[in-house]
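Take a look at the structure set out below.
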2 protein chains.
Amino acid sequence: MTRVQRLSTLLLKTLRDDPADAETASHRLLVRAGYVRRTAAGVWTWLPLGKRLLDNVARVVREEMDAIGGQEVLLPALLPREPYEASGRWKDYGDLLFRLRDRKGAEYLLGPTHEEIFTLTVKDQCTSYKDLPVILYQVQNKYRDEARPRSGVLRGREFLMKDAYSFDVTDEGLAESYRLHREAYVRIFERLGLDHRIVSAVSGAMGGSASEEFLAPAAAGEDTFADCPRCAYAANTEAVTAAVEPPAQAVHPAPCELDTPATPTIETLAAHLDVPASAILKNVLVRIDGEIAAVGVPGDREVDLGRLAAHLAPAEVELVTADDFAGRPELVRGYVGPQGLDVPYYADPRVAPGTAWITGANKPDTHVRDVVCGRDFTVDRYVDVVVVEPGDPCPACGAGLELGRAIEVGHIFRLGRKYADAFGLDVLGPEGRPVRVTMGSYGIGVSRAVAALAEQTHDERGLCWPREVAPADVHVVAAGKGGEVLELALDVAALLADAGVRVLVDDRGGVSAGVKFADAELMGVPTLLIVGRGAARGRVELRDRRSGAGEELTVEEAVARLTAG
Amino acid sequence: MTRVQRLSTLLLKTLRDDPADAETASHRLLVRAGYVRRTAAGVWTWLPLGKRLLDNVARVVREEMDAIGGQEVLLPALLPREPYEASGRWKDYGDLLFRLRDRKGAEYLLGPTHEEIFTLTVKDQCTSYKDLPVILYQVQNKYRDEARPRSGVLRGREFLMKDAYSFDVTDEGLAESYRLHREAYVRIFERLGLDHRIVSAVSGAMGGSASEEFLAPAAAGEDTFADCPRCAYAANTEAVTAAVEPPAQAVHPAPCELDTPATPTIETLAAHLDVPASAILKNVLVRIDGEIAAVGVPGDREVDLGRLAAHLAPAEVELVTADDFAGRPELVRGYVGPQGLDVPYYADPRVAPGTAWITGANKPDTHVRDVVCGRDFTVDRYVDVVVVEPGDPCPACGAGLELGRAIEVGHIFRLGRKYADAFGLDVLGPEGRPVRVTMGSYGIGVSRAVAALAEQTHDERGLCWPREVAPADVHVVAAGKGGEVLELALDVAALLADAGVRVLVDDRGGVSAGVKFADAELMGVPTLLIVGRGAARGRVELRDRRSGAGEELTVEEAVARLTAG
């Protein structure tokens, strides 16, 4: 039975003003509309109507996971240290893990994701290739001690996630499990009404060979993605690969030093020598897990430390400080060159073998030209590390890439055998020999999807939920003081509820019609049914929240309209 | 749409043998039947069919909470220290709290229950008496660092709980909210098929004026309750009050010392003096939060330290050690008496004013007789502290009490204004003045209810679920090797599922009919439908799991039977 929810008895306090610390629309509006309440930094309470939003997203996720044969389980959030020690994540996750001890001093963590425990569970439960493939999932609180929790429920430290794990005997099996999840995710986001793009991504600390992200384009997003206007290519900018033309065959003269006083920056040097910045090799010194390294990129490009960190994850990456130079006289600030440098040298693929550069001479006030990659210096590791810019060539077709901001709402990983290797997860194969299992893992941020929807669908008047996620189908507003207005509003609400329509009715006394309208628009239920002056004649207004288009109808017509199909 | 769950693809491994550490039936059987898996001490994974048990209990709880107007919310499990500091529970809960720090050093806890945060939420959301009463609830993981997690999911350190909180302006309002919950709980446990008793209880560290527990009688229970065979009285033994007759008016002679060498125990003293043990006043020395105190009880009764701790909660209570006597020569071991003793003196109500006793003389080898309570010594505080024994008089009617073991599955508290006082929770009253809010809190152990049901309903062959909680309605067993057996089993399962019946079908290849029957009985689905030799004739057997009674029917008859009403 569907119940009528009366606002007069609902725990709900809407706010006229934005919370002081709110930077994003979802944060502002979810708080103002009474859906969520902050309990601590990055830790949120879901109030009654907010809980419905969360439940609606979770229901869609469960239905589509069940449809691909997923089996729902529930693992603990409080996890013992040992399996995360075995996988390396106890250390790798660094400060991101919430760690604690029990009364006996045993160490625990609050699970960020559960690859380890799922691997152990399947090792325990499955013995034969006949027991596979299997897809397991859960909808559960996850914990990450973010350095800067912000944007409301968009990036919390406790958040609701659907995490799924596939277990297969063969690579083809993993490919099929991966495809099933990819398609299920498309259906989930379509049903939720969330505009999304599937992009190539960096797998990071999770491990595995390849991964894709589901990104919801939104200005408030923390991710940037590149999109090709000509072909199907799309990738998180972290994962965009440089399209590098092989350098023209050329014989370069020997390196030649240049007297370049007071040119410690690319701009001053380019001006002094009257060359384009792109002819200069810029060398940026960083610390990777504490060890100094240099990163080479063309002088007209910037180093993206976030991309570097993503590629080298879980290593921590930071810029060097002035103190680092003080202790290392061979590192001449503003005049570093890769030739003869005694630290690991990373470079962007544009610093290709055979290319010639102007770069630092490793002594003050001096640069050197005709320094050739492969002849005068070598690159220890190529990493795509420059800040991707609009118009950079698409690695698939060469067209100029477009960039957009987005929220990561899903991430699917071909993990392969990383965790199976860590825990010795084998099953008996068809030939009677043990076969190592191969895995995928697949996450959707359930609470984050609510925020992403708010970001994408809100307007200047408030939230505007897609029907599948909305806390109700119809918001009945009793807009008038007469007893007959309230009576008709409650009658209509009851009629709709009897027909299975989810109804809120604003029956609050002592609240003006204006406030009720403003609250209804703020809360964002898709359809408003307004009982006002026409009540005496049995007439009501049906109004679309998004377009604002309204129509006066008899009660019977309105109910028929709302219960059709 | 109801789906057929095929065992061939289900993550399920049943075990023939009991887990080594399992002491209780629910622990043994839930593990063996593949419902749960241990992840750490007191921390459990719910496997696919176990998750259904949990969901079924939670669904019943939600439906009945909604029916009394409860509004579901979801609070975080990760909670900041400050509110628990304000209520006193950060300290009071001692080692029972899981505490942790974030990367900035701020202190958090994992919520054991959420009175503090609910109080703050209502303070934030409600401003007027018109906003009350309100009932809020959540179904959420709770955390308690038990000293001895045991009995499987019966006493976990992470466990699923429904906790509800009522907020009222008047005492009458609280009484009504309390009544609504009490009645909802009765409906919940009746629907779950859980035999239960409502008993008076000690409120303990939660605070408040009065509480009642819902106990599920079971041999594995950790609680003992007293039940009157004649009247309606029932109480946790912790809360049983002594029925004490006023002593006969008598003039006692002055105390007189007795030479009692080598009689440090009640038994040796009673034998030496040839008096009943009940004539002797036994004085037990304890430490209450570290301070020594004495507890007086009649010599034929034992002190129940658990009861004492429950009454003095959250104080920690422990017995004194030999070292305590070493440092306090005035405490003469075996010869302690309350007269002139310089420590707080607690006593059982049977040590009533006017009663005369033989007791220790506070010097070696000496007792004293005719020591009269109120004349020769005073009691600082009366506490019901003796071990309740079968036949003790009912405090309501005097009949001999019966005792039973039970599992606490629910606890309802009239909290009153303890938390509202701690956080200054007022609303504007009808006269325009602030009114302090009064609260109740109401808990049901959802995961524990699953274990309690297993304890109450299992038999020697395995689990035996009530239909509302069972992971399926019907367990179809394909008992035979012919292709027609499997085909018919799947056909029948599909017919039932189409009619909305929840079906498991054991379609596993290479598993004998005997193993399938044993697994079906272990797993405990209420009805077995066996497709075997009669398959060729279109006949199947319908068998009741509990009684074992079977009947051969045509497929049509069986389906009609299972889908009727």
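The values are calculated or read from the model by the stated rules, or taken from the named source; none is laboratory data. Being a predicted model, the structure only gives us computed values, none of them experimental. Please note: Cβ atoms are built from the backbone with ideal geometry, for glycine as well, and neighbour counts cover all protein chains shown. Only protein heavy atoms, including side chains, enter the accessible area calculation; ligands, DNA and RNA are left aside. Shrake-Rupley method; radii C 1.70, N 1.55, O 1.52, S 1.80 Å.
Scanning the stretch B:381-398 for residues that are open to solvent by 30 Å² or more (accessible area, probe 1.4 Å) and under 17 Å from B:Pro298 (Cα atoms), we see that the one that is nearest to the chain's Cα centre (by Cα) is B:Val387.
From the residues in the stretch B:38-48 that are under 22 Å from the mean Cα position of the chain (by Cα) and not polar (S, T, N, Q), which one is surrounded by the fewest Cβ atoms within 10 Å (Cβ to Cβ)? Result: B:Ala41.
So is B:Asp131 among the charged types (D, E, K, R), closer than 16 Å to A:Thr45 by Cβ and either in the same structural domain as B:Ala86 (by TED's automatic domain parsing) or touching a residue at least 40 places away in the same chain (Cβ under 8 Å) (or both) or not?
no
Entry remark, the stretch B:407-464: residues being under 25 Å from the mean Cα position of the chain (by Cα) and assigned to a helix (DSSP H, G or I) number 14 in total. When B:Ala218, B:Ala226, B:Ala201 are checked against the criterion of being over 14 Å from B:Ile412 (Cβ atoms), of a type outside the set (S, T, N, Q), touching an Asp or Glu at 6+ places or on another chain (Cβ under 6 Å) and open to solvent by less than 60 Å² (accessible area, probe 1.4 Å), a single residue qualifies: B:Ala218. Residues in the stretch B:325-349 that are within 17 Å of B:Val297 (Cβ to Cβ) and either without any contact (Cβ under 8 Å) to a residue 12 or more places away in the chain or assigned to a loop (DSSP other than H, G, I, E, B) (or both): B:Gly334, B:Tyr335, B:Val336, B:Gly337, B:Pro338, B:Gln339, B:Leu341, B:Val343, B:Pro344, B:Asp348, B:Pro349.
State yes or no: is A:Arg179 away from chain B (no Cβ under 14 Å), within 21 Å of B:Thr9 (Cα to Cα) and of a type in the set (Lys, Arg)? Spell out how you get there, then give the answer.
Numbers: away from chain B (no Cβ under 14 Å): yes; within 21 Å of B:Thr9 (Cα to Cα): yes; of a type in the set (Lys, Arg): yes.
Criteria met by A:Arg179.
Taken together, the residues in the stretch A:536-565 that are modelled with pLDDT under 95 and among the polar types (S, T, N, Q) amount to 1. Consider the stretch B:80-106. How many of its residues are surrounded by fewer than 19 Cβ atoms within 10 Å (Cβ to Cβ), within 23 Å of A:Pro149 (Cα to Cα) and of a type in the set (Asp, Glu)? Number of matching residues: 1.
Evaluation of A:Leu75 against the conditions (1) open to solvent by 50 Å² or more (accessible area, probe 1.4 Å); (2) in contact with a Ser or Thr (Cβ under 6 Å, 6 or more places away or on another chain) shows that the sole unmet condition is (1).
The set of residues in the stretch A:112-122 being more than 8 Å from every other protein chain (Cβ to nearest Cβ), part of a helix (DSSP H, G or I) and under 24 Å from the mean Cα position of the chain (by Cα) consists of A:Glu115, A:Glu116, A:Phe118. Can you list residue pairs whose Cβ atoms sit under 9 Å apart, with the first residue in the stretch B:247-261 being in the same structural domain as B:Thr366 (by TED's automatic domain parsing) and modelled with pLDDT of 90 or more and the second being hydroxyl-bearing (Ser, Thr, Tyr) and open to solvent by 50 Å² or more (accessible area, probe 1.4 Å)? Count only pairs 6 or more apart in sequence or on different chains. These pairs meet every condition: B:Thr260/B:Thr268. When A:Leu109, A:Leu30 are checked against the criterion of being facing chain B (nearest Cβ under 10 Å) and open to solvent by less than 10 Å² (accessible area, probe 1.4 Å), A:Leu109 stands alone in meeting it. Quick check: is even one residue across the stretch B:52-67 in contact with a Leu (Cβ under 7 Å, 6 or more places away or on another chain), within 9 Å of chain A (Cβ to nearest Cβ), without any contact (Cβ under 8 Å) to a residue 40 or more places away in the chain and closer than 15 Å to A:Leu75 by Cβ? Looking through the stretch B:52-67, none of the residues is in contact with a Leu (Cβ under 7 Å, 6 or more places away or on another chain), within 9 Å of chain A (Cβ to nearest Cβ), without any contact (Cβ under 8 Å) to a residue 40 or more places away in the chain and closer than 15 Å to A:Leu75 by Cβ.
Scanning the stretch B:123-167 for residues that are among the aromatic types (Phe, Trp, Tyr), within 11 Å of chain A (Cβ to nearest Cβ) and out of contact with any Ser or Thr (no Cβ under 7 Å at 6 or more places or on another chain) returns B:Tyr137, B:Tyr143, B:Phe167.
A quick yes/no check of all residues on (1) within 30 Å of B:Leu154 (Cα to Cα); (2) outside the structural domain of B:Gln138 (by TED's automatic domain parsing); (3) open to solvent by 10 Å² or more (accessible area, probe 1.4 Å):
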| site | (1), (2), (3) |
| --- | --- |
| B:Phe413 | yes, no, yes |
| B:Lys418 | yes, no, yes |
| B:Pro430 | no, no, yes |
| B:Ile444 | yes, no, no |
| B:Arg448 | yes, no, yes |
| B:Ala452 | yes, no, no |
| B:Ala478 | no, yes, no |
| B:Gly483 | no, yes, yes |
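Looking at A:Ala67, is it surrounded by fewer than 16 Cβ atoms within 10 Å (Cβ to Cβ), modelled with pLDDT of 95 or more and small (Gly, Ala, Ser)? It is true that A:Ala67 is surrounded by fewer than 16 Cβ atoms within 10 Å (Cβ to Cβ), modelled with pLDDT of 95 or more and small (Gly, Ala, Ser).
Return the residues of the stretch A:336-359 that are closer than 20 Å to A:Thr260 by Cα and among the polar types (S, T, N, Q); say none if nothing qualifies. Spell out how you get there, then give the answer.
So in the stretch A:336-359, the residues closer than 20 Å to A:Thr260 by Cα come out as A:336-341, A:356-359.
Those that are closer than 20 Å to A:Thr260 by Cα and among the polar types (S, T, N, Q): A:Gln339, A:Thr359.
State all residues of the stretch A:485-534 that are of a type in the set (S, T, N, Q) and open to solvent by 40 Å² or more (accessible area, probe 1.4 Å); if no residue qualifies, say none.
Within the stretch A:485-534, the subset of a type in the set (S, T, N, Q) is A:512, A:527.
If the condition is that a residue be of a type in the set (S, T, N, Q) and open to solvent by 40 Å² or more (accessible area, probe 1.4 Å), then A:Ser512 is the only one that fits.
For the residues A:Leu281, A:Leu331, A:Leu308, the requirement of being at pLDDT 95 or above and out of contact with any Lys or Arg (no Cβ under 9 Å at 6 or more places or on another chain) singles out A:Leu281.
Taking the criterion of being among the hydrophobic types (A, V, I, L, M, F, W, C), within 18 Å of B:Asp498 (Cα to Cα) and free of Cβ contacts under 8 Å to residues at least 12 places away in the same chain, the residues of the stretch B:522-565 that qualify are B:Ala560, B:Ala564. Given the criterion in contact with a helix residue (DSSP H, G or I) (Cβ under 8 Å, 6 or more places away or on another chain) and acidic (Asp, Glu), identify the matching residue among B:Asp380, B:Asp392, B:Asp426. After applying the criteria, what remains is B:Asp426.
Does B:Ala243 meet the test of being outside any strand (DSSP E or B) and surrounded by 15 or more Cβ atoms within 10 Å (Cβ to Cβ)?
On the way: outside any strand (DSSP E or B): yes; surrounded by 15 or more Cβ atoms within 10 Å (Cβ to Cβ): yes.
So B:Ala243 fits the description; yes.
In this structure, does B:Arg99 turn out to be more than 8 Å from chain A (Cβ to nearest Cβ) and at pLDDT 95 or above? When the stated conditions are applied, B:Arg99 does not pass them.
Screening the candidates B:Tyr137, B:Tyr165, B:Tyr185 for the property of being assigned to a helix (DSSP H, G or I) and crowded, with 21+ Cβ neighbours inside 10 Å yields one hit, B:Tyr185. As a summary of the residue check, A:Ala58 satisfies the conditions (1) within 24 Å of A:Ala451 (Cβ to Cβ); (2) over 20 Å from the mean Cα position of the chain (by Cα); (3) surrounded by fewer than 21 Cβ atoms within 10 Å (Cβ to Cβ); (4) not hydroxyl-bearing (Ser, Thr, Tyr) except for the one numbered (2). If the condition is being of a type in the set (D, E, K, R) and part of a loop (DSSP other than H, G, I, E, B), then the stretch B:538-565 contributes B:Arg545, B:Arg546.
Of all residues in the stretch B:1-27, those being more than 11 Å from chain A (Cβ to nearest Cβ), among the polar types (S, T, N, Q) and under 30 Å from B:Leu488 (Cβ atoms) number 1.
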